[in-house]
Amino acid sequence: MGPLICFEQLSDLMRNHHVVLLDARGGADARHRFEQFSLPGAIFVDLETELSAKRATAADGGRHPLPTAANFAKQVADWGITPETRVVIFDDKGGANAAARGWWMFRALGHQNVAVLNGGLSAVPRDVRLPPTSLPTPTGHGDQYSNEWQWPVATIVEVEQAVEDPRRMVVDVREGYRFRGESEPIDLVAGHIPGAVNCPYIENLDSESKFLPAAKLRSKYQELLGGREPEHVIVHCGSGVTACHTLLALNVAGLEGARVYTGSWSEWSRNAKPIATGS
């Protein structure tokens, strides 16, 4: 399985293999929308409680801090998923809401067979027909995975160091108006991390909310990186969710190794750090 799968490929996959479908859409009414329409047999995944581990204050890890790898492994086991299970994750935002975050977490846990549904629910026919699937049986305590994240995560200290090092790059994937500090609809302060560059995640998608072809993504990000290796790149957003959309795009482009700063702007802006505005 590659990092992306289209609806037609999903249908073929489900005819030959058992596939666990995870609906990771977010928002206050996400479960209600899930109950209104989703893929048959899909399991609802809660961004707030299953793909995040909230703390007392967003100053410590941001609005959507990662759970420990061990706790996520237990959650994966509760979904009936083993390392051999084929998993397809989707949302209603072209993978930008939480599907990409879920994909990153599975891969960082060491799970190989996971893909995001390209285009999300908007790519699914309303009269959707898929091969029948059964809900998986919980498998145990998650000890089939490592207790540590296998993919790199950046801390706020590492971000401070990276923006001072010309060999490294910090990429902010929020919309341009948020980066420039013109308006901030979610966090307390508008602006961006001084030294960061802006490359909105939405530019990973075409007019149908599907990811651009791999060659176009590779050209786009090679130009952005300016010769830097992906390992020298840190990606962030508002709370560490849509940053994973760009990490997914980099993976599709064959440019693996960038780190996510999960605290993102929601942590940085609450810790008396320098703030820049403008482009």
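The values are calculated or read from the model by the stated rules, or taken from the named source; none is laboratory data. Everything quoted here is computed from the prediction, not taken from an experiment. Note: ideal-geometry Cβ built from the backbone for every residue, glycine included; neighbour counts use all protein chains shown.
Restricting region 185-220 to residues that are under 16 Å from Lys273 (Cβ atoms) and in contact with a Gly (Cβ under 8 Å, 6 or more places away or on another chain), which is surrounded by the fewest Cβ atoms within 10 Å (Cβ to Cβ)? Within region 185-220, the match that is surrounded by the fewest Cβ atoms within 10 Å (Cβ to Cβ) is Ala190.
Have a look at Ala70, Ala59 and point out the one that is of a type outside the set (Asp, Glu) and over 20 Å from the mean Cα position of the chain (by Cα).
Numbers: Ala70 fails: over 20 Å from the mean Cα position of the chain (by Cα).
Only one candidate passes the filter, namely Ala59.
State whether one or more residues within region 255-275 are surrounded by fewer than 15 Cβ atoms within 10 Å (Cβ to Cβ), among the aliphatic types (A, V, I, L, M) and under 15 Å from Val159 (Cβ atoms). For region 255-275, residues surrounded by fewer than 15 Cβ atoms within 10 Å (Cβ to Cβ), among the aliphatic types (A, V, I, L, M) and under 15 Å from Val159 (Cβ atoms): present. Any residue in region 179-205 that's of a type in the set (Lys, Arg): show its pairings with residues that are loosely packed, with under 14 Cβ neighbours inside 10 Å at Cβ separation under 7 Å, as long as the two are six or more apart or on different chains. Final answer for the pair search is Arg180/Thr277; Arg180/Gly278; Arg180/Ser279.
For region 57-70, state whether one or more residues are modelled with pLDDT of 95 or more, in contact with a strand residue (DSSP E or B) (Cβ under 6 Å, 6 or more places away or on another chain) and not charged (D, E, K, R). No, the conditions are met nowhere in region 57-70.
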